[in-house]
Amino acid sequence: MQVQINGEWRDFPDDSTVAQLVREVGIPERGVAVALNGEVVRRGQWTETVVARGARIDILTAVQGG
Amino acid sequence: MGATDDSLSFGEHKLDSRLIMGTGGATNLSVLERALVASGTELTTVAMRRADAEGGSGVLELLRRLGIRLLPNTAGCRTAAEAVLTAQLAREALETDLVKLEVHADDRTLLPDPLETLEATERLVADGFTVLVYTNDDPVLALRLEEAGCAAVMPLGAPIGTGLGIRNPHNIELIVSRAGVPVILDAGIGTASDAALAMELGCDAVLLATAVTRAEDPERMASAMRHAVTAGRLARGAGRVPQRFWAQASSPPR
């Protein structure tokens, strides 16, 4: 299934969870947060939250700024 | 390090240093590290951006190693909705309820959008955040933001990154005179005298980045800012002499 991760469409197995997606794209898990279709997914929910086809995932972290 | 407690508090957070630093603009992390240490800051901003497999910029590890608390900002957001989501993601990623709320109206001025800023303040306060809010040097809006429940108001001295100093000192004084929450002068600081003036006007703290990170010698400028903030705070507390039109002899008459 196609999922949009940080603005880029990518292919993942059907019924992937947020945890699997984060691991798959290789982003270090510490200090990041995930939004699914514009809503925060708490870290404790990553393994239970199944991502639907066409979903939009944003994975954010802190960078220099301000 | 005075003998008396002169700490700054908002929400459950307490700071001994009244200089809040930003991390933007530093050419590399080692320059940033030396500047942050020289500044004596205890609270420093970071921005939230999309992560990649490279694993971020390393700024988090640096701030954790230095024991400096994180103040995530919502820079780059144009609407209240964007700012609220960014703040929620920052809280989740960084495990802090602190947020520096900034909603910019456009890229050329980076001035705060007052309507979106007020709406975002209300929503973030309702969601349990400790909101430090970047605002115009508008005394009326500052009161409205306080009524909305912000933990500190952060009026600009001048637009972000301009180094133009405090363009309307009277407005800053008006904000200070009526504020029931800490006032943090944010943006526009160019050099040490600007930071000292902010404190002399009665601000509770100063937030700056560019003036240090883009200075020729960031470490030395960070030290200058630290001293300026301390000096301005002391001068404010000491009570300056009134300004006079005519001279007044300081030596006894002959």
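Spin-label model, B:T79 to B:A249: label points 7 Å out along the Cα-to-beta-carbon direction sit 7.1 nm apart. Taking a ≥ b ≥ c as the square roots of the Cα gyration tensor eigenvalues, region B:1-94 comes out oblate, since a/c reaches at least 1.5 and a/b does not exceed b/c. For chain B, the 222 nm mean residue ellipticity estimated from helices alone, with every DSSP H stretch of n ≥ 4 adding -39500 (n - 2.57) and the total spread over all residues, rounds to -12000 deg cm²/dmol. Between B:E12 and B:L66, the FRET efficiency from the beta-carbon distance, with R0 = 25 Å, is close to 0.70. Within chain B, antiparallel bridges make up roughly 15 percent of the DSSP beta bridges whose residues both belong there.
Among beta bridges from DSSP that stay inside the protein assembly as shown, the antiparallel ones total about 50%. Averaging the Cα positions of each part gives two centres, and for chain A and region B:15-59 these lie 26 Å apart. If R0 equals 25 Å, the separation of the Cβ atoms of B:T96 and A:M1 corresponds to a calculated FRET efficiency of about 0.15. Across peptide B:41-49, the average count of Cβ atoms from other chains found within 10 Å of a residue's Cβ is 4.
Distance between the 7 Å Cα→Cβ label points at A:W9 and B:E173: 6.1 nm. When peptides B:187-196, A:47-56 are ranked by their average number of other Cβ atoms within 10 Å per residue, the highest-first order is B:187-196, A:47-56.
Packing-based ranking of A:1-10, B:84-93, B:108-117 yields B:84-93, B:108-117, A:1-10, ordered from highest to lowest mean Cβ neighbour count within 10 Å.
Averaged over the residues of B:85-91, the number of partner chain Cβ atoms lying within 10 Å of the residue Cβ comes to 5.
Distance between the C-alpha centers of region B:93-158 and region B:199-254? Whole Å please. Centre-to-centre distance over Cα atoms comes out at 26 Å. Each peptide in B:128-134, B:152-158, B:35-41 was scored by the mean count of other Cβ atoms within 10 Å over its residues; highest first, the order is B:152-158, B:128-134, B:35-41. Filter chain B for me: DSSP H helices, axial length by Cα at least 24 angstrom, mean Kyte-Doolittle hydropathy not below -0.5. List them by residue number. Length and hydropathy pass: B:218-238. Going by the alpha-carbon gyration tensor, a ≥ b ≥ c the square roots of its eigenvalues, is region B:133-254 rounded (a/c under 1.5) or, if a/c is not under 1.5, prolate (a/b greater than b/c) versus oblate? Oblate. DSSP beta bridges confined to chain A are antiparallel in about 85 percent of cases. Taken residue by residue and averaged, Cβ atoms of other chains lying within 10 Å of the Cβ of A:36-46 number 2.
A short reminder: the numbers here are calculations on the coordinates, not readings from a lab. Worth saying up front: this structure is predicted, and the values here are computed from it rather than measured. When we count neighbours, we look across all protein chains shown, and the Cβ atoms used for this are built from the backbone with ideal geometry, even at glycine.
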